[in-house]
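Read the structure below first, then the notes.
The values are calculated or read from the model by the stated rules, or taken from the named source; none is laboratory data. Note that the structure is predicted; figures quoted are calculated from it, not measured. Ideal geometry is used to build each Cβ from the backbone, glycine not excepted, and the neighbour counts take in all protein chains shown.
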Amino acid sequence: MNQHSEKSPVEVDTRLKRMSRRGFVGAGLTLLAAGGGLKWLGSQTPDDGIAWPLRRIFEFNERLWLATGEGRAAREFPAGLAREPRVNGPIGLDLKTPRPPERIVLRVEGPDGSRKNFDPTDFARLPRVESTTELKCVEGWSTVVGWSGYRFADFARLLNISTTYVGLETPDRAYYVGLDAFAAWHPQTLLCDLMNGQPLNRSHGGPLRLVIPTKYGVKNLKNIGMIRFTENRPRDFWAEQGYDWYLGL
Ligand SMILES: Nc1nc2c(c(=O)[nH]1)N[C@H]1C(S)=C(S)[C@@H](COP(=O)(O)O)O[C@H]1N2
Ligand SMILES: [Mo]
């Protein structure tokens with residue numbers, strides 16, 4: 001028996017998850033390089049018109065995608081089931097300001113560390129997205145909420161930025177969360193300015209909050225002041241208190 005066959009299923013599972021986090025496009029390309037490149041691939045017997053080493057990689061990716069939960073989405077509910085969630089988590093909210101300001105003041109930091117203000121009128125260039133999902137708190141309650149805003153993925157495409165991680169923080173930097181690219185670019189991950197059809201109030205994170213139903217409430221940062229695109233895993237308020245950094249898919 002070699003080393004690999006002696007690994008326990010748990011150990012292998014952990015390793016696979018770690019690999020999937022790194023991204024399988026990379027793994028596939030590495031295998032191609034190791035195998036001598038495209039010329040070598042072309043000489044293999046094709047199966048479904050795809051050379052078998054590649055096909056094996058695709059099948060493996062797909063199984064892994066489903067097995068690790070990375071191909072899944074949070075449940076969407078009928079809009080009529082939406083309710084007002086309780087107000088939970090006041091860190092980094094400017095509650096002295098009773099109503100959200102008319103203008104969203106949003107800072108964006110690029111992977112090179114340069115910063116600029118995002119022009120809030122540019123949100124009008126993005127499609128408005130509605131989504132009715134469960135806000136789940138680690139404290140043990142959940143509420144179905146009707147959200148409206150913009151896909152993070154569309155926002156990032158407008159800026160023409162893609163990175164391995166995204167960090168978000170409140171204007172005073174008191175609350176902050178880190179997301180991996182899978183989570184940030186997930187189609188259900190939204191930057192929201194409306195909740196149950198009303199402008200977000202300060203307590204619920206107005207003028208703009210993150211809604212990420214594939215993760216627990218703690219990652220749904222209210223009152224976004226800055227969005228940081230980065231190659232380094234961003235700090236995360238609750239991860240620093242001992243919670244799992246991912247807290248969801
Ligand atoms: N800025 C900020 N965002 C935050 C928190 C916080 O303390 N500060 N708490 C989080 C937690 S633990 C939860 S459950 C949700 C609650 O959102 P809600 O108040 O709109 O119900 O916000 C999250 N986002
Ligand atoms: Mo929470």
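Would you please name the residue that is farthest from ligand 1 (Cβ to nearest atom), looking only at residues in the stretch 109-130 that are hydrophobic (A, V, I, L, M, F, W, C) and surrounded by 11 or more Cβ atoms within 10 Å (Cβ to Cβ)? It would help to see each step written out before you state the result.
Start the filter on the stretch 109-130 by keeping residues that are hydrophobic (A, V, I, L, M, F, W, C), which leaves 118, 123-124, 126, 129.
Cutting the leftovers down to surrounded by 11 or more Cβ atoms within 10 Å (Cβ to Cβ) gives us 118, 123, 126, 129.
On the way: F118: 18, F123: 20, L126: 22, V129: 18 Å.
Per the stated criteria, the residue is L126.
Evaluate the following for T133: is it within 16 Å of ligand 1 (Cβ to nearest atom), within 17 Å of the chain's Cα centre (by Cα) and either farther than 26 Å from A239 by Cβ or among the polar types (S, T, N, Q) (or both)? Before you say what the answer is, go through the steps one by one.
Numbers: within 16 Å of ligand 1 (Cβ to nearest atom): yes; within 17 Å of the chain's Cα centre (by Cα): yes; either farther than 26 Å from A239 by Cβ or among the polar types (S, T, N, Q) (or both): yes.
The answer is yes for T133.
So in the stretch 136-154, with the set limited to residues that are near ligand 1 (Cβ under 10 Å from one of its atoms) and touching a Phe, Trp or Tyr at 6+ places or on another chain (Cβ under 8 Å), which one is nearest to F182 (Cα to Cα)?
Once the filter is applied, the top-ranked residue is K136.
Of the conditions (1) within 19 Å of R103 (Cα to Cα); (2) within 15 Å of the chain's Cα centre (by Cα), S203 satisfies every one except a single condition; which number is it?
(2)
Can you say whether L168 is more than 12 Å from ligand 1 (Cβ to nearest atom) and of a type in the set (A, V, I, L, M, F, W, C), as far as the supplied structure shows? If you could, list the steps in order and put the result at the bottom.
Working: more than 12 Å from ligand 1 (Cβ to nearest atom): no; of a type in the set (A, V, I, L, M, F, W, C): yes.
The answer is no for L168.
If I go through the stretch 219-243 residue by residue, how many of them are closer than 26 Å to E102 by Cα and within 16 Å of ligand 2 (Cβ to nearest atom)? Spell out how you get there, then give the answer.
At the first step, the residues of the stretch 219-243 found to be closer than 26 Å to E102 by Cα are 219-229.
Right, trim to within 16 Å of ligand 2 (Cβ to nearest atom) and you get 219-223.
Residues meeting the conditions: 5.
What about G205, is it in contact with a Cys (Cβ under 7 Å, 6 or more places away or on another chain), at pLDDT 95 or above, farther than 18 Å from A156 by Cα and near ligand 1 (Cβ under 8 Å from one of its atoms)? Explain how you work it out, then say what you get.
Details: in contact with a Cys (Cβ under 7 Å, 6 or more places away or on another chain): no; at pLDDT 95 or above: yes; farther than 18 Å from A156 by Cα: yes; near ligand 1 (Cβ under 8 Å from one of its atoms): yes.
Judged against the criteria, G205 is not a match.
Taking the stretch 148-178 as the region of interest, how many residues are over 21 Å from R235 (Cβ atoms) and within 16 Å of ligand 2 (Cβ to nearest atom)?
Selection size over the stretch 148-178: 0.
Across the stretch 93-108, what is the total count of residues that are hydrophobic (A, V, I, L, M, F, W, C) and either surrounded by fewer than 12 Cβ atoms within 10 Å (Cβ to Cβ) or assigned to a strand (DSSP E or B) (or both)? Steps first, answer last, please.
Initial filter on the stretch 93-108 (hydrophobic (A, V, I, L, M, F, W, C)): 93, 95, 104-106, 108.
So of that shortlist, the ones also either surrounded by fewer than 12 Cβ atoms within 10 Å (Cβ to Cβ) or assigned to a strand (DSSP E or B) (or both) come out as 95, 106, 108.
Result for the stretch 93-108: 3.
Could you count how many residues in the stretch 176-194 are touching a Gly at 6+ places or on another chain (Cβ under 7 Å) and over 15 Å from Y216 (Cα atoms)?
4
Residues to consider are R173, R235; find the one that is surrounded by fewer than 20 Cβ atoms within 10 Å (Cβ to Cβ), more than 13 Å from ligand 1 (Cβ to nearest atom), among the basic types (K, R) and over 25 Å from R72 (Cα atoms). Please lay out each step first, then the result.
Working: R173 fails: more than 13 Å from ligand 1 (Cβ to nearest atom).
So the residue among R173, R235 that is surrounded by fewer than 20 Cβ atoms within 10 Å (Cβ to Cβ), more than 13 Å from ligand 1 (Cβ to nearest atom), among the basic types (K, R) and over 25 Å from R72 (Cα atoms) is R235.
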